[in-house]
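J.: Got a structure for you, questions after.
The values are calculated or read from the model by the stated rules, or taken from the named source; none is laboratory data. This is a predicted model, so every value here is computed, not measured. Please note: Cβ atoms are built from the backbone with ideal geometry, for glycine as well, and neighbour counts cover all protein chains shown. The protein model used for the area step is the full one, side chains on, heavy atoms only, and it has no ligands, DNA or RNA in it. Shrake-Rupley method; radii C 1.70, N 1.55, O 1.52, S 1.80 Å.
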Amino acid sequence: MKLFLCFLLQLFVLTVAQRTILDSPDIRSMVRLFRNWIQIFGKEERAALQNTNKIQKEVPPNVPFPCNLTGARSPTIPDSIHRLRPGDIDIIAALGDSLTSGMGIFATNLLDLYIENRGAMAIIGGEKNWRKYLTIPNILKEFNPNLIGYSLGDSLTANPASQLDVAEIGAMSRDMPFMAKFLVNRIKNDKRIDIEKHWKMIFILIGFNDICTDLCVLPSPWSTLENHKKDLLKTLRILRDNLPRTFISLIIPTHLKEIVDTRNATNSLICYVMRTLFCSCLFSLRYKNQREEYFKIMNRWQEIDEEISKYPEFHTNDFTVISLPGIKNVKVPRNNKGLAEVDRYFSADCFHISQIGNARSANTLWNNLLQPIGNKTSNEWLPPFEKFLCPTSERPYLATFENS
């Protein structure tokens, strides 16, 4: 019965996300009420996960932080983005979809999927610390304890605990310009933030919903690429024109072919049903013959993100856009039988990412921030701390085109 209710709920949410006739004020109010109500289950489902392999192993108190924090923050506030140390980042924010909202990170069943565990999300979660949850904000807090903007606990965008994570379930590329304006207003209205003085880091991760639900309904699936290019350019220009001293980290989305290829690694009917619901264009048998074309479109999507990040208009002395390819070509770890460990690295729906998966992504993307342009890894989805880079006296700055 519970599975059936979740099935209906998923259909309902997807329908609303597609802006059909059901996208009315009354329907939106009902969804908002449900999403607020379901957050109260967060503590219970986290407790159920504590003894599973979906959670990173906590680092003991006697183990020091991997990096030497001497000189982590510049003696004086740098004027150039090319001389920015990790500790100089004062504000952190994020735009994106359900992955960035932390959907189902701790989920143990399908109903828990609708709890947005933002506090543990790889690029914007700041709950606890790096010992408990490895996230980029929890890393940056070691360099700058006064960091502002990271999300805490389980929250929706409208909740105070979300802070500067404005990601939304179901968001697509066309939603990003609105999100950018919303984020700009939220930053400008935050009394803790000096917009001219504070250095800001904003993560952008988008594309999965466009690939999963748009490609197979558009008259020409390739048209989604030109639309995305326009959306991304508009988004970046909004941020550039309104937020001085900003370092944009544009994350290249994971190629979904890897997720499709893990489809037969589990015999779970729930996995098959939920993946088909979340990503019908790639998992539905109806579009099986179009998959190779869709994979080519996603290759081009990744290339567009990397190309736009190189546009000269996005590189000034106080603004830059750097593409992070760390999760671009990740492979899901295999067990001793050669099967993908879907149960460990994915949530209850076998599509969204578990906490240990988020920890791996955080480590990978953190390394990307320090790796020189042109030498950033794109397939090292390693266990937390297996390869953890630190600033050095030779390379103390976040990597940009000028200082690489």
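J.: How many residues are touching a residue at least 40 places away in the same chain (Cβ under 8 Å), in a loop (DSSP other than H, G, I, E, B) and within 18 Å of the chain's Cα centre (by Cα) when one looks only at segment 141-157?
T.: Final tally of qualifying residues: 7.
J.: Shifting gears a bit: Say we look at segment 274-303 and pick out the residues that are under 23 Å from residue 230 (Cα atoms) and in contact with an Asp or Glu (Cβ under 9 Å, 6 or more places away or on another chain); which of these is modelled with the lowest pLDDT?
T.: Residue satisfying both the conditions and the ranking: 281.
J.: Then there's this: Which residues, counting only those in segment 99-118, are crowded, with 24+ Cβ neighbours inside 10 Å and of a type outside the set (Val, Ile, Thr)?
T.: Listed by number, the residues that qualify are 99, 101, 102, 103, 104, 106, 107, 112, 113, 116, 117, 118.
J.: Let me ask something else about it. Does any residue in segment 380-404 that is assigned to a loop (DSSP other than H, G, I, E, B) come within less than 6 Å, Cβ to Cβ, of a residue that is surrounded by 15 or more Cβ atoms within 10 Å (Cβ to Cβ) and at pLDDT below 95 six or more places away or on a different chain, and which pairs are these?
T.: Going by the 6 Å Cβ cut-off, the qualifying pairs are 381/330.
J.: Follow-up. Looking only at segment 322-343, how many residues end up being over 15 Å from residue 256 (Cβ atoms) and either open to solvent by less than 10 Å² (accessible area, probe 1.4 Å) or modelled with pLDDT of 95 or more (or both)?
T.: The number of residues fulfilling the criteria is 5.
J.: Now a separate question. Given the residues 240, 174, which is the only one that is under 30 Å from residue 402 (Cβ atoms), of a type outside the set (A, V, I, L, M, F, W, C) and in contact (Cβ under 8 Å) with a residue 24 or more places away in the chain?
T.: 240
J.: Another question, then. Quick one: residue 372 ticks every box in (1) in contact with a Gly (Cβ under 8 Å, 6 or more places away or on another chain); (2) at pLDDT 95 or above bar one, so which box is it?
T.: (1)
J.: Here's another thing I want to ask about it. Among 83, 131, which is the only one that is within 22 Å of residue 193 (Cα to Cα) and touching a residue at least 24 places away in the same chain (Cβ under 8 Å)?
T.: The match here is 83.
J.: Taking segment 356-379, which residues are in a helix (DSSP H, G or I), in contact with a Pro (Cβ under 6 Å, 6 or more places away or on another chain) and free of Cβ contacts under 8 Å to residues at least 60 places away in the same chain?
T.: Residues satisfying the conditions do not exist here.
J.: Another question, then. Conditions first: (1) open to solvent by 30 Å² or more (accessible area, probe 1.4 Å); (2) assigned to a loop (DSSP other than H, G, I, E, B). Residue 272 passes all but one, so which condition is the exception?
T.: Residue 272 satisfies every listed condition except (2).
J.: What do you reckon, is residue 350 touching a Phe, Trp or Tyr at 6+ places or on another chain (Cβ under 6 Å) and either open to solvent by less than 10 Å² (accessible area, probe 1.4 Å) or at positive phi (or both)?
T.: Spelling it out, it is not the case that residue 350 is touching a Phe, Trp or Tyr at 6+ places or on another chain (Cβ under 6 Å) and either open to solvent by less than 10 Å² (accessible area, probe 1.4 Å) or at positive phi (or both).
J.: Considering only residues that are within 21 Å of the chain's Cα centre (by Cα), open to solvent by 30 Å² or more (accessible area, probe 1.4 Å) and β-branched (Val, Ile, Thr), which ones fall in segment 168-222?
T.: Scanning segment 168-222 gives a single hit, 169.
J.: Kindly indicate whether residue 105 is more than 21 Å from the chain's Cα centre (by Cα) and either assigned to a helix (DSSP H, G or I) or not polar (S, T, N, Q) (or both).
T.: When the stated conditions are applied, residue 105 does not pass them.
J.: Of all residues in segment 121-137, which are in contact with a strand residue (DSSP E or B) (Cβ under 9 Å, 6 or more places away or on another chain) and either over 26 Å from residue 74 (Cα atoms) or surrounded by fewer than 24 Cβ atoms within 10 Å (Cβ to Cβ) (or both)?
T.: Answer for segment 121-137, where residues must be in contact with a strand residue (DSSP E or B) (Cβ under 9 Å, 6 or more places away or on another chain) and either over 26 Å from residue 74 (Cα atoms) or surrounded by fewer than 24 Cβ atoms within 10 Å (Cβ to Cβ) (or both): 121, 127, 133.
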